[in-house]
Amino acid sequence: MNRLTRFVASVAVVAAIAAPAAVRADDQDTIAYREDIMKTLGDQAASIGMIIQGKAPAENIVAHTQILALAAASALDAFEPKVAGGESKPEVWAQWADFSKKMNEFSMAAADLAKTAKAGGLEAVKPKMQATMTCKGCHDVYRQKK
Amino acid sequence: MTRFAKLAGSVAIVATMLAPVVASADDKDVIDYRQHLMNTLDHQSGALGMILSGVIPDKHMADHIEIISLVASLSPKAFAPHVEGGQSKPEVWSKAADFDKKMKDFVTGSANVTKIARDQGPTEAVNHILDALPCKGCHDLYRDPSKK
């Protein structure tokens, strides 16, 4: 077994352990993938929050906003397959035009925030935070917390 | 027991529960922050794994690898303060030279794979992917996952 096959196999084993019987393995992965992206956003939002509160190094704002932008850019495609489940409400796909508009706007704002951080650092980022972090506006409509 | 005594009692209990992990508010911040970095690595390598297993298209593979390399770039400094706790073994600091070298290899390795993914595409990046994922090699020595 070469190194890649071994890696893929171990990932598959983990996925199999995590899969509830009712959901097909592929669907389970599709849900896990978009949740990995959302969890990344969660850790990045928390890290940025710590920086703003002075609890983590200010200069790290550049990398964290870049990570936020990269994760945001991958988010819409992750929801494209119409696989209900996880914490997604059916409205994600029933109102796809609105959902994708919200996600695209978030992704564009995150990309702008990353540019702002690179050019002006933490002080330039602060006033743009509230307008960028539209997480709750989407979750209120499209996420059902379990 | 008066309400105040009850309140004081429950505060003391909470303080006792937290005491072994949290030496001070600042130390807790240091531990929280490095764990946010590590958890991002976990979720992004999970996302990569789903692409490598063929369920998810490879369109965003370079994005996931770049996130891993960005997190890696922040990691050496996040572990620099000698704050024991979380799942870190004391060896992180007592064997700092080796730990730092492993971190540095992670930083350069993941940056290289990011460059390959951006310049040559996901297929070529797969051939080098393990250079961006030296997770287990470090955890086996420096992380105790049984600790909370």
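Quick rundown of the values:
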item	result
Selection count where residues are open to solvent by less than 70 Å² (accessible area, probe 1.4 Å) and hydroxyl-bearing (S, T, Y), scope the stretch B:76-104	1
Pick from the stretch B:30-75, criterion facing chain A (nearest Cβ under 9 Å) and β-branched (V, I, T), ranking: surrounded by the most Cβ atoms within 10 Å (Cβ to Cβ)	B:I67
Residue satisfying condition, being open to solvent by 20 Å² or more (accessible area, probe 1.4 Å), facing chain B (nearest Cβ under 9 Å) and free of Cβ contacts under 8 Å to residues at least 60 places away in the same chain, within set A:K102, A:K55	A:K55
Scope the stretch B:127-148; condition open to solvent by 30 Å² or more (accessible area, probe 1.4 Å) and in contact with a helix residue (DSSP H, G or I) (Cβ under 9 Å, 6 or more places away or on another chain); matching residues	B:N127, B:H128, B:L130, B:D131, B:P134, B:C135, B:G137, B:L141, B:R143, B:P145
Lone qualifier among A:V125, A:V141, A:V92 - being open to solvent by 20 Å² or more (accessible area, probe 1.4 Å) and in contact with a helix residue (DSSP H, G or I) (Cβ under 7 Å, 6 or more places away or on another chain)	A:V141
Looking only at the stretch A:58-68, and only at residues there that are of a type outside the set (S, T, Y) and crowded, with 24+ Cβ neighbours inside 10 Å, the one that is nearest to A:G121 (Cα to Cα)	A:I61
The stretch A:39-50 - residue that is more than 9 Å from chain B (Cβ to nearest Cβ) and crowded, with 18+ Cβ neighbours inside 10 Å and, of those, nearest to B:M38 (Cα to Cα)	A:L41
Residue tally, condition more than 9 Å from chain B (Cβ to nearest Cβ) and modelled with pLDDT under 90, over the stretch A:19-38	6
Flag if B:T123 is within 13 Å of another protein chain (Cβ to nearest Cβ), exposed (fewer than 14 other Cβ atoms within 10 Å of the Cβ) and not acidic (D, E)	yes
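The values are calculated or read from the model by the stated rules, or taken from the named source; none is laboratory data. Everything quoted here is computed from the prediction, not taken from an experiment. Please note: Cβ atoms are built from the backbone with ideal geometry, for glycine as well, and neighbour counts cover all protein chains shown. These area figures cover heavy atoms from the full protein model, side chains too; ligands, DNA and RNA do not enter into them. Shrake-Rupley method; radii C 1.70, N 1.55, O 1.52, S 1.80 Å.
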